[in-house]
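Student: Can you read through this structure? Questions will come right after.
The values are calculated or read from the model by the stated rules, or taken from the named source; none is laboratory data. Given the structure is predicted, the values throughout are model-derived calculations rather than measurements. Here the Cβ is made from the backbone with ideal geometry for all residues, glycine too, and neighbour counts use every protein chain on show.
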Amino acid sequence: MALSGFQVVIGCEVHAQLLTRSKIFCGCSTAFGGEPNAHTCPVCLGLPGSLPVLNQRVVEMAVTVGLALGCAVRERSVFARKNYFYPDLPKGYQISQYELPICEGGSVPFAVDGQERVARLTRIHMEEDAGKNVHGVSADGASGVDLNRAGVPLLEIVSEPDLRSADEAVEYVRALRAVLMALGVSDGNMQEGSLRCDANVSVMRQGAERYGTRCEIKNMNSFRFLKAAIEYEARRQVEIVEGGGKVEQETRLFDPDRGETRSMRSKEEAHDYRYFPEPDLPPVVVPAALRERLRAALPELPRARARRYQDALGLSAYDAGVLVADPQVAAWFDRALEAYGAGREAAKKVANWVNGEVARLAHEAGAGPAAWKLTPERLAAVLRMVDRGTLGGPGAKQVVEEVFRTGAEPAAVVEARGLTQVSDEGAVEAVVDQVLLASPVEVERHRSGKKDLTGFFVGRVMRELRGKGNPAVVNALLKKKLGGGS
Amino acid sequence: MTATSGSELAALSARQAGARIAAREVSSRELTEAALGRIARLDGRLGAFLAVTADRALAAAREADARAARGGRLSELDGVPLAVKDLFLTRGVPTTAGSRILEGWLPPCDATAVERLEAAGAVLLGKLNLDEFAMGSSTENSAYKPCRNPWDLTRTPGGSSGGSAAAVAARLAHGALGTDTGGSIREPAAFCGVVGVKPTYGRVSRFGVVAFASSLDQVGPLARTVEDAALLLGAVAGHDPRDMTSSARPVGDYLAGLEDGARGLRIGVPREWLGDGLEPGTLAAVRAALEAYQRLGATLVEVSLPHSRYGIAAYYIIAPAEASSNLARYDGVRFGLRAGAGGGLREMYAETRQEGFGPEVKRRIMLGTYALSSGYYDAYYLRAQKVRTLVRRDLDQAFERCDLVAGPVAPGVAFRLGERVEDPLRMYLADVFTITANLAALPALSVPCGRDAATGLPVGLQLVGRPFDEATLLRAARALEREVGTFPAPEVA
Amino acid sequence: MSLSLEEVRRIAALARLRLSPEEEERFAGQLSAILDHVRLLEELDVAAVEPMTHALAGEAPALRADLERPGLSAEVAVAAAPERAGTHFKVPRVLE
């Protein structure tokens, strides 16, 4: 990202909805969707006389994330009220954490352009989500308020302004997302909004000592948008500064249709949130015993897993990195490997399929491993068929695609579509002889040096075999018959 | 059933009423009808009730009588007609908090305290008048109507639980629940000559109580006798998983030991509390009560509460600050009043709150918003919270030398309606004795100790105790009550 | 100390209150008087004093287990709504 003498400085604030069954301060379901206001109660509706009651699992998840990221977990943290008026905020304040958050410090390792980097964290805290404002619920253009989401637990993870490019920001969020998914605290879904990212972007002249004024960019619900928004904003700010102007500190929304950021509220006064400690909730106490229990229960984290794939399985850093980006995919990979076979060659083959064809199919279907009809065992079966020569490369692709779509058994698909490769030497030889006999001119030209005619013969043989010739067998026989050369 | 007259029935204490029902000498229906009859006759003049739930009450009475017939008594309060301040959520029954902004609002659930009373078999007569959102000391801030002191209809019953105190004093109910944030149970109890208890913070659940100041609000009983207050407190006290500020400490039996007397008690008398600023009649009555304690074998110990004079300043930052946040939910979106039709969102908020809130509420919201706003938080809110610690420390230190602290509830007796509405600061300064216990989160009560010589109006003695030591306060109050006699009931003019 | 009308307006806006001009004047005076009294707190040296942020001290309450509990139906949730659209609370258009 060339910025002609300027440096972009980025910090990210990620909000992750936690995968608890119930909301942070009441027993209402956190399930997505549902009839508007069907998952509510006096507490999350903010009715008079209601009081918050803290969900234990939220604290455990917050501590777990903090431990995984190397944060200092506070033994005593405090909830605070953030006061402002908005229709999706039923109490007129959000219960969050301000001066004493549950975790401080820590860092997130990530890789960009093959380089290992680390971004430091400022803090992690717990808070409740707001409801949703819905536009156009009636003919008069009124808005509707749905409080199903109000009270869903959020973890806010704030990074230091350590990121120096849009790509770094993307890789940072990708890595953080992988950790949150590996820990089972978030489903990482950016499109649906269960993982949200805001970026604080500023620019400074190369060599300057102080950061420039930053703007907060919101509403980037994919990695593509995150990158585009930051790049646009950086350019926008550089233009202002180069033109002798001053960047105004403001909140801006990314507009994906135009690829631009625009100011969010016109002339809105800066919010005075009037934070004070939440009197309805006692301080959150995390005794050392709980901390250690949660630490002992930490699963293998993505970076450690990637290292293991490289060391033990010989996968490249790139392949390993792609696999661990989604812990469910990595787990699927592990099972496929178990079903197929051990060793570095096996790992490489399985990884190629998972990161290649399977990833493509999954992306098209917009589904995660839990929804795949292609099981690890089925992929392993397909790979074994290729090994045995029963299936060729193209045939295998077709089988995998159909199994992915329908969940049929690979053998059945091969049978039904007649994809069985012809590997029998006798059968192939018969066809090769036939083809050579029918093309004497080409045979003569091949013999006298036009070696690139081999492709012509392969094509003819394959046509006779309806594309099911085992390429290795075909090539070997042609070579034998045509003699020498290639 | 003996033919007891309506007024005789109404004169029974809650415990007596419960006992008579159990003994089948009197029916809950008779008691309920007697109460409803008195309400119909007298409340037009008093203004204690905002809503009378006659049908529900009679239905509950019927059930209580059925239980009494088959011997399935739920508690000592089974079948006894009570009422609650209109700050308590009652499912399907209008709950207004004394405000227009909640006019007609029907809550979908009951407050825990209400649930517990009903689980004990009590009959709820209705909802009692109060200062809007519990903000006030005279019930003059009720958006609906003022409440009058049954002793003198030209005077206030006190506030904010004025309706509760008036109803109990005038025998319209055998007991009531109120709330106390800065004195709102104790002061009206003192003004109306009844017993009022503010328990230790956390002793009674705040779930379902419309919040004013979260770190100060407490639920408590108003009753004619100390015994009744003990009974009512026991019925509602105890941990509630719906309120994380409620204490898990077990609740003792407040009736056990009630008659143990005052012998051996060390009663702290704060020198700062008996100085100038007390009306002579009040000072005299309080002094007489202290002398009575000495006769009963208690020892008076002089103590000092040096931070007493800072209490009002701290309270009138903390309470409005928390209130300004608690009242932000009244925005016209989901319940209650909505105004500003035809305008945008901001108009809706502003018009709704302008129309819905009375002047005292607006004043406190302004004060609280200011104290929390950027640049002022440290100087006001944070500082006030620190002073709160100092106020508590004063009492902790006093309790090293005494078992409870005694003094006045208010500087004087019930004042006239209209006398102080224009002078909010003067109204606030009168809370000086009561706010100490709220700031310190300690239990305190008011027990009638005599009459003002000049006006004949009731004077209350305040007792403040150690954390969760309501039992000692009740025992001491009972001792005084035995000595001076149960306070009479007024003849409502 | 005197609260200016400008300050009164700023606070009223923060609190979403629309005061009449007469109320603005009256509140400016009354609030100033109250804040004058509050200044008494400045007499005290509180540097070494902890604020009493939580009134119930010395208890670490049990937290709630992560279980779903039945709440209100959508109909009941919006039953008291001044205006509704289906089971949405209806409000004037919210501009982002």
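Student: Look through the stretch A:30-42, keep the residues that are at the interface with chain C (Cβ under 10 Å from one of its Cβ atoms) and of a type outside the set (G, A, S), and return whichever of them is nearest to A:Y93 (Cα to Cα).
Tutor: A:P42
Student: Restricting attention to the stretch A:144-179, and to residues there that are touching a Lys or Arg at 6+ places or on another chain (Cβ under 7 Å) and assigned to a loop (DSSP other than H, G, I, E, B), which single residue is farthest from the other protein chains (Cβ to nearest Cβ)?
Tutor: A:D162
Residue-wise test of (1) modelled with pLDDT of 85 or more; (2) under 19 Å from A:G393 (Cβ atoms); (3) outside any helix (DSSP H, G or I); (4) outside the structural domain of A:G395 (by TED's automatic domain parsing).
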site	(1), (2), (3), (4)
A:E429	yes, no, no, yes
A:L436	yes, no, no, yes
A:V443	yes, no, no, yes
A:H446	yes, no, no, yes
A:G455	yes, yes, no, yes
A:G459	yes, yes, no, yes
A:M462	yes, yes, no, yes
A:G467	no, yes, yes, yes
A:A476	yes, yes, no, yes
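Student: Return the residues of the stretch A:204-222 that are surrounded by fewer than 17 Cβ atoms within 10 Å (Cβ to Cβ) and among the hydrophobic types (A, V, I, L, M, F, W, C); say none if nothing qualifies.
Tutor: Of everything in the stretch A:204-222, just one residue is surrounded by fewer than 17 Cβ atoms within 10 Å (Cβ to Cβ) and among the hydrophobic types (A, V, I, L, M, F, W, C), namely A:A208.
Student: Step by step: first the residues of the stretch B:35-62, then only those that are touching a residue at least 40 places away in the same chain (Cβ under 8 Å) and not aliphatic (A, V, I, L, M), then the one that is surrounded by the fewest Cβ atoms within 10 Å (Cβ to Cβ). Which residue is that?
Tutor: Restricting to residues being touching a residue at least 40 places away in the same chain (Cβ under 8 Å) and not aliphatic (A, V, I, L, M), the top hit is B:R45.
Student: Please enumerate the residues belonging to the stretch B:60-117 that are within 11 Å of another protein chain (Cβ to nearest Cβ) and outside any loop (DSSP other than H, G, I, E, B).
Tutor: B:F88, B:T90, B:I101, B:L102, B:T112, B:A113, B:V114
Student: Out of curiosity, is B:G202 part of a loop (DSSP other than H, G, I, E, B), within 14 Å of chain A (Cβ to nearest Cβ) and within 24 Å of B:I312 (Cα to Cα)? Outline the logic, then answer.
Tutor: Working: part of a loop (DSSP other than H, G, I, E, B): yes; within 14 Å of chain A (Cβ to nearest Cβ): yes; within 24 Å of B:I312 (Cα to Cα): yes.
Here the answer is yes, as B:G202 does meet what is asked.
Student: Can you tell me which residue is nearest to the other protein chains (Cβ to nearest Cβ) among those in the stretch A:63-96 that are within 23 Å of A:R21 (Cα to Cα) and of a type in the set (D, E, K, R)?
Tutor: Residue satisfying both the conditions and the ranking: A:K91.
Student: Also, I was wondering about something else. Hey, can you tell me all the residues within the stretch B:209-245 that are basic (K, R) and touching a strand residue (DSSP E or B) at 6+ places or on another chain (Cβ under 8 Å)? Before the answer, list the steps.
Tutor: Quick first cut of the stretch B:209-245, residues basic (K, R) only: B:224, B:242.
Once the filter is applied, which keeps residues that are basic (K, R) and touching a strand residue (DSSP E or B) at 6+ places or on another chain (Cβ under 8 Å), the stretch B:209-245 yields only B:R224.
Conditions tested, residue by residue: (1) touching a helix residue (DSSP H, G or I) at 6+ places or on another chain (Cβ under 7 Å); (2) free of Cβ contacts under 8 Å to residues at least 60 places away in the same chain; (3) away from chain A (no Cβ under 14 Å).
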| residue | (1), (2), (3) |
| --- | --- |
| B:R271 | no, yes, yes |
| B:E279 | no, no, yes |
| B:A288 | no, no, yes |
| B:H307 | yes, no, yes |
| B:A313 | yes, no, yes |
| B:A323 | yes, no, no |
| B:L337 | yes, no, no |
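Student: Suppose we keep only residues that are surrounded by 24 or more Cβ atoms within 10 Å (Cβ to Cβ) and under 17 Å from B:P108 (Cβ atoms) within the stretch A:5-29. Which one would you say is farthest from the other protein chains (Cβ to nearest Cβ)?
Tutor: Of everything passing the filter in the stretch A:5-29, A:C26 is farthest from the other protein chains (Cβ to nearest Cβ).
Student: Moving on to the next point. Among the residues of the stretch B:283-310 satisfying the criterion of being within 27 Å of the chain's Cα centre (by Cα) and assigned to a loop (DSSP other than H, G, I, E, B), which is surrounded by the fewest Cβ atoms within 10 Å (Cβ to Cβ)?
Tutor: B:S304
Student: Still on this structure, please answer the following. Could you say which residue among A:R252, A:R307, A:R295 is touching a strand residue (DSSP E or B) at 6+ places or on another chain (Cβ under 8 Å), basic (K, R) and outside any loop (DSSP other than H, G, I, E, B)? Working first, answer last.
Tutor: Details: A:R307 fails: touching a strand residue (DSSP E or B) at 6+ places or on another chain (Cβ under 8 Å); A:R295 fails: touching a strand residue (DSSP E or B) at 6+ places or on another chain (Cβ under 8 Å).
When all the criteria are applied, what remains is A:R252.
Student: If you check A:A150 against the conditions, is it of a type in the set (A, V, I, L, M, F, W, C), touching a residue at least 60 places away in the same chain (Cβ under 8 Å), within 21 Å of A:N37 (Cβ to Cβ) and surrounded by 19 or more Cβ atoms within 10 Å (Cβ to Cβ)?
Tutor: Numbers: of a type in the set (A, V, I, L, M, F, W, C): yes; touching a residue at least 60 places away in the same chain (Cβ under 8 Å): yes; within 21 Å of A:N37 (Cβ to Cβ): yes; surrounded by 19 or more Cβ atoms within 10 Å (Cβ to Cβ): yes.
It is true that A:A150 is of a type in the set (A, V, I, L, M, F, W, C), touching a residue at least 60 places away in the same chain (Cβ under 8 Å), within 21 Å of A:N37 (Cβ to Cβ) and surrounded by 19 or more Cβ atoms within 10 Å (Cβ to Cβ).
Student: In the stretch B:375-390, what residues are more than 26 Å from B:S446 (Cβ to Cβ) and either touching an Asp or Glu at 6+ places or on another chain (Cβ under 7 Å) or part of a helix (DSSP H, G or I) (or both)? Walk me through it before giving the result.
Tutor: If we filter the stretch B:375-390 for residues that are more than 26 Å from B:S446 (Cβ to Cβ), which is where we start, we get B:375-383, B:385-386.
Within the stretch B:375-390, B:D378, B:A379, B:Y380, B:Y381, B:L382, B:R383, B:Q385, B:K386 meet the criteria.
Student: Ok, one more. Among B:L425, B:L404, which is within 12 Å of B:Q462 (Cβ to Cβ) and not basic (K, R)?
Tutor: Numbers: B:L425 fails: within 12 Å of B:Q462 (Cβ to Cβ).
Matching residue, one of B:L425, B:L404: B:L404.
Student: If only one of C:R64, C:R16 is touching a helix residue (DSSP H, G or I) at 6+ places or on another chain (Cβ under 8 Å), on the phi > 0 side of the Ramachandran plot and facing chain A (nearest Cβ under 7 Å), which one is it? Talk me through it step by step, then tell me what you get.
Tutor: Details: C:R64 fails: on the phi > 0 side of the Ramachandran plot.
Result: C:R16 is the single residue among C:R64, C:R16 that is touching a helix residue (DSSP H, G or I) at 6+ places or on another chain (Cβ under 8 Å), on the phi > 0 side of the Ramachandran plot and facing chain A (nearest Cβ under 7 Å).
Student: Is it the case that the stretch A:43-62 has a residue that's surrounded by fewer than 21 Cβ atoms within 10 Å (Cβ to Cβ), closer than 27 Å to C:R64 by Cβ, away from chain B (no Cβ under 14 Å) and of a type in the set (A, V, I, L, M, F, W, C)?
Tutor: No, the stretch A:43-62 contains no residue that is surrounded by fewer than 21 Cβ atoms within 10 Å (Cβ to Cβ), closer than 27 Å to C:R64 by Cβ, away from chain B (no Cβ under 14 Å) and of a type in the set (A, V, I, L, M, F, W, C).
Student: Residue check: is B:E76 in contact with a Gly (Cβ under 9 Å, 6 or more places away or on another chain) and closer than 21 Å to B:A35 by Cα? First the steps, then the outcome.
Tutor: Numbers: in contact with a Gly (Cβ under 9 Å, 6 or more places away or on another chain): yes; closer than 21 Å to B:A35 by Cα: yes.
So B:E76 passes the test.
Student: Out of the residues in the stretch B:391-434 that are part of a helix (DSSP H, G or I) and either of a type in the set (F, W, Y) or surrounded by fewer than 19 Cβ atoms within 10 Å (Cβ to Cβ) (or both), state the one that is farthest from the chain's Cα centre (by Cα). Before you say what the answer is, go through the steps one by one.
Tutor: Filtering the stretch B:391-434 down to residues part of a helix (DSSP H, G or I) leaves B:391-398, B:424-429.
After this cut, where a residue has to be either of a type in the set (F, W, Y) or surrounded by fewer than 19 Cβ atoms within 10 Å (Cβ to Cβ) (or both) as well, the list is B:393, B:396-397, B:425-426, B:428-429.
Numbers: B:R393: 25, B:D396: 24, B:Q397: 27, B:L425: 22, B:R426: 21, B:Y428: 17, B:L429: 19 Å.
Across the stretch B:391-434, the extreme among qualifying residues is B:Q397.
Student: Is it the case that some residue within the stretch A:274-286 is aliphatic (A, V, I, L, M) and assigned to a helix (DSSP H, G or I)? Break it down into steps so the answer makes sense when it comes.
Tutor: Just the residues of the stretch A:274-286 that are aliphatic (A, V, I, L, M), to begin with: A:281, A:284-286.
From what's left, assigned to a helix (DSSP H, G or I): none.
No.
Student: Kindly indicate whether any position in the stretch A:135-144 is within 27 Å of the chain's Cα centre (by Cα) and not basic (K, R). Let's see the steps before the verdict.
Tutor: So in the stretch A:135-144, the residues within 27 Å of the chain's Cα centre (by Cα) come out as none.
For the stretch A:135-144, residues within 27 Å of the chain's Cα centre (by Cα) and not basic (K, R): absent.
Student: Show the residue pairs that are 6+ apart or on different chains and have beta-carbon atoms under 6 Å apart, the first residue being within the stretch A:352-369 and over 17 Å from A:Y340 (Cβ atoms), the second being of a type in the set (A, V, I, L, M, F, W, C).
Tutor: Here the result reads A:L361/A:F404, each pair linking the stretch A:352-369 to a residue that is of a type in the set (A, V, I, L, M, F, W, C).
Student: State which residue pairs qualify: first residue within 24 Å of B:P188 (Cβ to Cβ) and of a type in the set (G, A, S) and inside the stretch B:222-246, second residue modelled with pLDDT of 95 or more and assigned to a strand (DSSP E or B) in any location, beta carbons under 7 Å apart, and separation of 6 or more residues or different chains.
Tutor: B:A223/B:V195; B:A229/B:V195; B:A229/B:V197; B:A229/B:P221; B:A229/B:A223; B:A237/B:V204
Student: Right, another one. Examine the stretch B:440-447 for a residue that is part of a helix (DSSP H, G or I) and either surrounded by 24 or more Cβ atoms within 10 Å (Cβ to Cβ) or within 11 Å of chain C (Cβ to nearest Cβ) (or both), and state whether such a residue exists.
Tutor: Yes, because at least one residue in the stretch B:440-447 is part of a helix (DSSP H, G or I) and either surrounded by 24 or more Cβ atoms within 10 Å (Cβ to Cβ) or within 11 Å of chain C (Cβ to nearest Cβ) (or both).
Student: Only one of B:R271, B:R224, B:R287, B:R295 is closer than 30 Å to C:P51 by Cα and of a type outside the set (A, V, I, L, M, F, W, C); which? Step through it out loud before you land on a result.
Tutor: Working: B:R224 fails: closer than 30 Å to C:P51 by Cα; B:R287 fails: closer than 30 Å to C:P51 by Cα; B:R295 fails: closer than 30 Å to C:P51 by Cα.
Within the list B:R271, B:R224, B:R287, B:R295, the selection yields B:R271.
Student: Is there a residue in the stretch B:365-384 that is away from chain C (no Cβ under 12 Å), in contact with a Leu (Cβ under 9 Å, 6 or more places away or on another chain) and not charged (D, E, K, R)? So that I can check it myself, show each step before the final result.
Tutor: Applying the first criterion (away from chain C (no Cβ under 12 Å)) to the stretch B:365-384 yields none.
No, there is no match, as no residue in the stretch B:365-384 is away from chain C (no Cβ under 12 Å), in contact with a Leu (Cβ under 9 Å, 6 or more places away or on another chain) and not charged (D, E, K, R).
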